[in-house]
1. Looking at V169, V107, which is the one that is in a helix (DSSP H, G or I), among the aliphatic types (A, V, I, L, M) and open to solvent by less than 30 Å² (accessible area, probe 1.4 Å)?
2. Please state which of the following conditions P189 fails to meet, knowing it meets all the rest: (1) open to solvent by less than 40 Å² (accessible area, probe 1.4 Å); (2) more than 16 Å from P87 (Cβ to Cβ); (3) not β-branched (V, I, T).
3. If P31 satisfies all but one of (1) in contact with a Pro (Cβ under 9 Å, 6 or more places away or on another chain); (2) modelled with pLDDT of 85 or more; (3) of a type outside the set (A, V, I, L, M, F, W, C); (4) open to solvent by 50 Å² or more (accessible area, probe 1.4 Å), what's the number of the condition it fails?
4. Anything in the stretch 88-102 that is more than 10 Å from the chain's Cα centre (by Cα) and open to solvent by 40 Å² or more (accessible area, probe 1.4 Å)? List them, or say none.
5. Hey, does the stretch 76-87 have a residue that's among the hydrophobic types (A, V, I, L, M, F, W, C) and open to solvent by 70 Å² or more (accessible area, probe 1.4 Å)?
6. Hey, L60 hits all of (1) open to solvent by 20 Å² or more (accessible area, probe 1.4 Å); (2) more than 17 Å from I149 (Cα to Cα) but one; which does it fall short on?
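The values are calculated or read from the model by the stated rules, or taken from the named source; none is laboratory data. A quick note: this is a predicted structure, and the numbers were derived from the prediction, not measured. Counting neighbours? That spans all protein chains shown, and the Cβs are built from the backbone with ideal geometry, glycine included. The protein model used for the area step is the full one, side chains on, heavy atoms only, and it has no ligands, DNA or RNA in it. Shrake-Rupley method; radii C 1.70, N 1.55, O 1.52, S 1.80 Å.
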Amino acid sequence: MSSNAALRPQPTPTPADPAPAADSAPARRWPGLTVRAPARPGPAAALHSIAAATTVLLGLVAIGAMIHEPVLIPPLAASAALVHSAPTLPLAQPRNVVIGHLLGSAVGYAVLAAAGSSAWAAAVAAGLTLGLNMLARTPHSPAVATAVIIVLQTPAPGRFIPLLFGATVLLVLTGYAASRVRRKAPTYPVYWW
């Protein structure tokens, strides 16, 4: 047994804890904290989330086809997944989605201007975006990928930033609308700003 094993929190049994649900993983317990995987969504909730996320992503593709510009980029698909499958998480809130991606684009273009397009510069842009988003209280992991895409693919900022902004606003608005369509859906957003 290594010395690190002794430093890790050890599970402590607490007989007063309720039994885990049949479809959830066993709980990990640390003093004062019980952590479990979230419960599996019901079929209606899962279908609702999948349909809403797919609809907004197809909308981004349609907009891109109409204007002959790629609007759907991988980080936006990840943002849609957060907004529609985990709408109560801080990462999914409008402030984090919109501002997070805009900060990621700013960092991406700044690093691109300073260091050029390379995998090394993209890695630096990712780290800087993560730090800036944390400082701004807008953590949004897909925004880190936005910075990487900018450094590696060098899109024209005059086209990319307005499309990115519009796409993030559309993601937020569809999250808002979808949460009001299904009665049992969690209300989105938890907070706007």
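1. The match here is V107.
2. (2)
3. Of the numbered conditions (1) in contact with a Pro (Cβ under 9 Å, 6 or more places away or on another chain); (2) modelled with pLDDT of 85 or more; (3) of a type outside the set (A, V, I, L, M, F, W, C); (4) open to solvent by 50 Å² or more (accessible area, probe 1.4 Å), the odd one out for P31 is (2).
4. T88, I99, L102
5. Taking every residue of the stretch 76-87 in turn, none turns out to be among the hydrophobic types (A, V, I, L, M, F, W, C) and open to solvent by 70 Å² or more (accessible area, probe 1.4 Å).
6. It is condition (1) that L60 fails.
Results for (1) at pLDDT 95 or above; (2) outside any helix (DSSP H, G or I); (3) polar (S, T, N, Q); (4) crowded, with 19+ Cβ neighbours inside 10 Å, shown as yes or no for each residue.
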| site | (1), (2), (3), (4) |
| --- | --- |
| L112 | yes, no, no, yes |
| A123 | yes, no, no, no |
| A126 | yes, no, no, yes |
| M134 | yes, no, no, no |
| R137 | yes, yes, no, no |
| A145 | yes, no, no, yes |
| I149 | yes, no, no, yes |
| F165 | yes, no, no, no |
| K184 | no, yes, no, no |
